[in-house]
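I have placed the structure first, in the form of C-alpha cells, so that the comments after it can refer back to it.
The values are calculated or read from the model by the stated rules, or taken from the named source; none is laboratory data. Just so we're clear, the structure is a prediction, and the values are computed from it rather than from any experiment. Counting neighbours? That spans all protein chains shown, and the Cβs are built from the backbone with ideal geometry, glycine included. Each accessible area value is taken on the protein alone, full model and side chains, heavy atoms only, with ligands, DNA and RNA left out. Shrake-Rupley method; radii C 1.70, N 1.55, O 1.52, S 1.80 Å.
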Amino acid sequence: MKAAVVTHLGKPLEIQELPVPEPGPGQVLVRMEASGLCHTDIHAAHGDWPVKPQPPFIPGHEGVGPVQAVGEGVSTDLVGWGHRPDGVWGRVAIPWLGSSCGTCRYCVSGWETLCESQVNSGYSVDGCYAEYAVADAGAVVPVPEGVSSFDAAPLTCAGVTTYKAIKVARVVPAERVAIFGVGGLGHLAVQYARLVGGFVTAVDLEPDKLGLAHKLGADQIVNARTHDPVEEIKKAGGADVAVVLAASAKAFEQAYRSLNRGGRLVMVGLPADNASINVPIFETVLSGISVIGSIVGTRQDLSEVFALHAAGRTQVIAEPRRLEQVNESFDEVLGGRAEARLVFEF
Ligand code: NAD
Ligand code: ZN
Ligand code: ZN
C-alpha cells in the first residue's frame, strides 16, 4: 500500500510502498476512501509537543472507509459495503482515540477520551495517511448512509472536537460565543455554536477564513491582525464562551480577556512548546470565570456529529488532495491558505 511516513521529526514526509497491515485480535482493516489533514498531524510530524511520537510512523486520525477484513474475535458482518440489519452502511471512521482500556473510571463514565491507557491514531500507532489502516473494532465509529466519506473525514476530528467543546461550555441560546481560529476546526465550531442558539464572533488572521465564517453564519467577524479582538468583542457585549482553536498563545490571552462574568474559556488548540497563559486569580475568582481543557470527543459524540450532518444541519468545507501532495498540503495549512480542511482522497 501507499503511505505517507514521518521518518524524522521536522523533516518532509516520505511516500513509501509498505505491506498492507494484518488486523490483529480485536482489530479491523479499513480501506481508506478519505483521510483528513488535521493541524495535529503537523504538530506530530514536527514533534511540537511535550510527548513526542516515535518515527517512523504514519500520521492521520480522520480516516474513513469500508472494513476490508477483521481480526480474531471480530464479527465478519462488519466486512464490506451494504446495509446492515440496524441500517448502518458499512463504513467506519478512525478517530484520534484509537483505543481505551474500557474499564477505568473514565471509560466507564463516558469519558474514554481521558483514559490513561489510551492509544492515539497517527501518533502512538500508525494512522490514516495510507491506503489501508488497522484500528480497534471497538474504537471505530460507523458512518451513516447520509454522510459521504469525504465529509465524514473532517467530522471525525474537527467536527467531534468542536462539537464537544460547545457541549462542555454549556452554551445556552443568546449567549455570545467567540471562536478564535476558523480553520478546519473553527469552521465547524461556528456551526455548532449557532446550532445551540449562540451569537457567534469569529476571530482569525486571514480575510478569506473570516469571509467563510460569515457565510457559515457568524454574526461578527474580527481580523486580529488589524483589530483588537478583545475590544471588538467587548463592543458587541463581551463573550460568554470563548473557544480557542488557534495554535497561538496570544489568541488564548485575548480569548480570556474577552470574557464576561460567568464566562467559560475552552482551550482546544495546542500551541507548540507547551505554551502557557497568565490567568489572573483575583479577576478569575471575582468574575466567576471557568477555564476548561477539552480533548476531542467520545464515540457517542461522533455518532451525534454524523447524525446532525446526515440531517443537513452542518456543512463541511473541504478540498481534495492526493497523498503525494502531503508536504505541500502541510505548507498550505501552515500558511493559512487552505479554505478550511484538506482531505486526501484515495
Ligand atoms: P487550522 O490550521 O486549520 O486552523 C487554525 C486557524 O487559526 C487558522 O485559520 C489560522 O489562520 C488561525 N489562527 C492562527 N493564529 C491565530 C491568532 N493569533 N488568532 C486567531 N486565529 C489564528 O488548524 P486545525 O486543524 O483547525 O487545528 C487547530 C488546533 O487545534 C491545532 O493546534 C490542533 O493541534 C488542535 N486540535 C486540538 C484538538 C483537541 O482535541 N483539543 C483536536 C484537534 C485539533
Ligand atoms: Zn485532529
Ligand atoms: Zn480507560
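In sequence order, what are the phi-derived ³J(HN,Hα) couplings for the stretch 91-97 according to the Karplus relation 6.51 cos²θ - 1.76 cosθ + 1.60 with θ = phi - 60°, rounded to whole Hz, with x for glycine and proline?
10, 10, 10, 9, x, 3, 6
Looking only at the chain, where both bridge partners belong to it, what percent of the DSSP beta bridges are antiparallel (to the nearest 5)?
Expressed as a percentage, antiparallel bridges in the chain total about 50.
Which order do 33, 72, 62, 324 take when ranked by solvent-accessible area (1.4 Å probe, heavy atoms of all protein chains), largest first?
Ranking 33, 72, 62, 324 by accessible area, largest first, yields 72, 324, 33, 62.
Evaluate the charge dipole of the chain about its Cα centre and quote only its size in Debye, nearest 20, assuming +1 on the Cβ of each Lys and Arg and -1 on the Cβ of each Asp and Glu.
Numbers: 27 positive and 38 negative charges, 202 e Å.
Dipole of the chain, to the nearest 20 debye: 980 debye.
State in Å² the accessible area per residue of the stretch 160-293; use a 1.4 Å probe, count heavy atoms of protein chains only, and round to the nearest integer. If you can, show how the numbers build up before the last one.
Values: 5780 Å² over 134 residues.
For the stretch 160-293, the per-residue accessible area is 43 Å².
Could you rank 48, 331 by how accessible they are, 1.4 Å probe, largest area first? Numbers along the way, then the final one.
Values: 48 35, 331 90 Å².
Sorted by accessible area, descending: 331, 48.
Leaving out ligands, DNA and RNA, what percent of the accessible area of the chain is carbon and sulfur, probe 1.4 Å?
52
For n ≥ 4 DSSP H runs only, could you compute -39500 (n - 2.57) per run for the chain, divide by its residues and tell me the 222 nm figure to the nearest 500? Before the final figure, lay out the partial values.
Values: 10 runs with 86 residues, N = 346.
When only DSSP H runs of four or more count, the value is -7000 deg cm²/dmol.
I'd like the accessible area for residue 334, computed on protein heavy atoms only with a 1.4 Å probe and all protein chains in place. Round to 10 Å², please.
Counting only protein heavy atoms, residue 334 exposes about 90 Å² to solvent.
What ranking, highest mean first, results for peptides 262-268, 90-96 when packing means the other Cβ atoms within 10 Å averaged over each residue? Working shown, then result.
Values: 262-268: 22.3, 90-96: 26.1.
Put in order of decreasing packing, that is 90-96, 262-268.
Rank 290, 102, 182 by how far each Cα sits towards the positive end of the charge dipole of the chain (+1 on Lys, Arg Cβ; -1 on Asp, Glu Cβ) and give me just the farthest.
So the residue we want is 290.
Using +1 at the C-beta of Lys and Arg and -1 at the C-beta of Asp and Glu, which of 254, 90, 281 has the Cα lying farthest in the positive direction of the dipole of the chain?
Positive-end residue among those listed: 281.
Residue 264's amide H: which non-local residues (gap 5+, or another chain) put their own amide H closer than 5 Å, with H modeled 1.01 Å from N in plane and none for Pro or chain starts?
Under 5 Å from the amide H of residue 264 lie the amide H atoms of 241, 242, 290, each far enough along the sequence or on another chain.
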